[in-house]
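The values are calculated or read from the model by the stated rules, or taken from the named source; none is laboratory data. Note that the structure is a prediction, hence the values are computed from the model and not measured. Don't worry about glycine lacking a Cβ; one is built from the backbone with ideal geometry, like all the others, and counts go over all protein chains shown.
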Amino acid sequence: HLEHRRQRQMCIRDRALVDLEFDEYSYGGLFLRMPYKRGESEGLAVNSSRQENQRAEGQRAMWVDVGMEIEGRDDWGHITILDHPDNRNFPQMWRVDRQLGIGPAPSRMGAWSIKRGDTETYKHQIVVYGGEFNDLTNNDFWKSYSGQ
């Protein structure tokens, strides 16, 4: 039984053409939704502090993993999003909803702004794999990605 993992780095960089103001808000930005169907799917979201599902909602974490049963597979499919220490307010607060949706939510930490001509960069790495969840393996991926 082999476990395959794919990693992709994502860097979102924006330059403000005008002064931008962002209010405090519970979610926004990068967001991943698994193909969850209420009553039909089994799944679990876990953060780097081992908080699960709604206990992970709104919590600060270095990464969040979401896994669920996938039709045609005999194991679960997983996606982990890794936060980066260079990101504003690292570690981010995360949106973890009841339908296995996850995403970093930088506006949860309060209002913020980008001045005209300034650049804001967010770095994340996405790890996609099948098999059993292992928080120690995800911690190793985060350490390698973050250089910490």
Any idea which of Arg116, Arg55, Arg15, Arg98 is surrounded by fewer than 15 Cβ atoms within 10 Å (Cβ to Cβ) and either on the phi > 0 side of the Ramachandran plot or modelled with pLDDT under 85 (or both)?
Arg15
So Glu132 ticks every box in (1) of a type outside the set (Lys, Arg); (2) modelled with pLDDT of 95 or more; (3) within 30 Å of Glu71 (Cβ to Cβ) but one. Which box is left unticked?
(2)
